[in-house]
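Contents: one structure, followed by commentary.
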Amino acid sequence: MGFEKFGRVSFTAQTKVGNFVDYLEKGELAGTKCPKCGRKYFPPRADCSWCPDSTVAWIKIEGTGKLVSFTRVHYGPTGFEDDVPYTLALADFNGVKVFGRLSKDLDEGQTKVGMEVKAVTAFLPGGQLSYELVPV
């Protein structure tokens, strides 16, 4: 499978990290890890930017993370104009930083740095897949 099923607006059909979509279909979020130096990457990378090595392995982003930062988006880029407003967030999952949307079910006033979140698959219209961060 290609990458065309990822996201609300897909800008590419093929990528070296297409397995990312396979994990989402199973309800899992995954990144990559370099077996040589141990660096972990999210979003997943096909090559380690530190070594550089091309033998990265898939790792699951599991459990809960802590919200590091967030911002409310009021102007959406091309393809996302109808989604605004939405909240983008950065969460730390045991040293792996995950950037993504916060669930629209979370009231803006309830969003706090340090709160616990988990990553879940988001099933979008037309069979598209993404992920979002939801409070625990």
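Quick note: the coordinates plus some simple rules give every number you see, no bench work behind them. Computed from a prediction, not measured in an experiment: that's the story for all the values here. Positions of Cβ are backbone-derived with ideal geometry, glycine not excepted, and every protein chain shown enters the neighbour counts.
With Kirkwood radius over Cα pairs in Å as the read-out, I listed (1) 15.7; (2) 14.7; (3) 19.6; which label goes with the value calculated from this structure? Label of the calculated value: (1).
How would you rank 40, 26, going from fewest to most other Cβ atoms within 10 Å of each one's own Cβ? So the residues, fewest neighbours to most, are 26, 40. The loop-placed GluC sites (Glu not before Pro) in region 37-125, going by DSSP, that have at most 14 neighbouring Cβ atoms within 10 Å of their Cβ come out as 62.
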